[in-house]
Amino acid sequence: MRHERSIRGFTLIELCSVLVIVGILAAIAGPKFLDTPAFAQRGYTDELAAAIRASEAAAAASGCNVQLTIAPGTGYDAELPATGTTCSGAFTVPVPRADGAPLSGTPPSKADVPALSVLIFGSNGWIVSAVPNGNPIQIRVNGAPSGTTSPLTLDVDPLSGFVTVP
């Protein structure tokens, strides 16, 4: 009688097939787990804090006032006065980022601010005008659909422009 030894285990083709299937499932399901309003809200809050800091730095570097407008639905943009040499006129010249792109952005679909905020930074980088006004100046970022997450609030010191992110 002849005894065959059975070899137990998986073949290389079986292992590769399982890895491909798991990879496809991860590629499809992974973004759905990470695409939550809380992540979008936190990311947009951090983006706004960075925009405030960059606007302060641009004002100090240029010696001109810089206006940062944060609007619901449309996002934010930072602008310099039209006449750069005299630092006067309407705010129409986009503040450039380090890569040359304008300092602006749009909110993600799952986070936004509920009200208009306009901050004007003076040539020393301090806030010279703010809407809303307060001590500290507060900018709320809500998750969407509304009510799904509690709002995050950026606090901006009206004198120094120091930004506190929760």
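FYI, it's all coordinate maths here, none of it is from the lab. Just so it is clear, the structure is predicted and the values come from calculations on it, not from any experiment. With ideal geometry, Cβ positions are generated from the backbone for all residues, glycine too; neighbour counts draw on all protein chains shown.
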Worksheet item: Just one of [x] 29, 16, 14; [y] 51, 19, 13; [z] 32, 18, 15 is semi-axes √(5λ) of the Cα gyration tensor in Å calculated from these coordinates, so which is it?
Response: [y]
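With charges only on Cβ, +1 for K and R and -1 for D and E, what is the dipole size of the chain about its Cα centre, in debye, rounded to 20? Write down the numbers at each step before the final one.
Details: 9 positive and 12 negative charges, 144 e Å.
It comes to approximately 700 debye.
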Practice prompt. Rounding to the nearest 20 debye, state how big the charge dipole of the stretch 1-73 is about its Cα centre with +1 on each Lys and Arg Cβ and -1 on each Asp and Glu Cβ.
Written response: 460 debye
Fill in: Extreme residue, positive dipole direction of the chain, given options 21, 37, 117 (C-beta unit charges)
21
Item to complete: Identify unpaired cysteines across the chain, taking unpaired to mean no other cysteine Cβ lies under 4.7 Å from the residue's Cβ.
Response: 16
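When ranked by the protection proxy of mean other Cβ atoms within 10 Å per residue, highest first, what sequence do the peptides 11-20, 71-80 form?
Values: 11-20: 9.9, 71-80: 18.4.
In descending order of packing, they fall as 71-80, 11-20.
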Discussion item. Counting only helical runs of four or more DSSP H residues, what would the 222 nm mean residue ellipticity of the chain come to if each run contributes -39,500 (n - 2.57) and the total is spread over all its residues?
Written reply: -10500 deg cm²/dmol
Worksheet item: Dipole of the stretch 37-164 (Lys/Arg Cβ +1, Asp/Glu Cβ -1, origin at the Cα centre): which of 64, 105, 141 lies farthest to the positive side?
Response: 141
Fill in: Per-residue ³J(HN,Hα) for the stretch 54-64, Karplus 6.51 cos²θ - 1.76 cosθ + 1.60, θ = phi - 60°, Hz, x for Gly and Pro
5, 5, 4, 5, 5, 5, 5, 6, 8, x, 10
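Mind ranking 93-100, 135-142 by how tightly packed they are, going by the mean number of other C-beta atoms within 10 angstrom, highest first?
On the way: 93-100: 12.8, 135-142: 18.5.
Output ranking for 93-100, 135-142: 135-142, 93-100.
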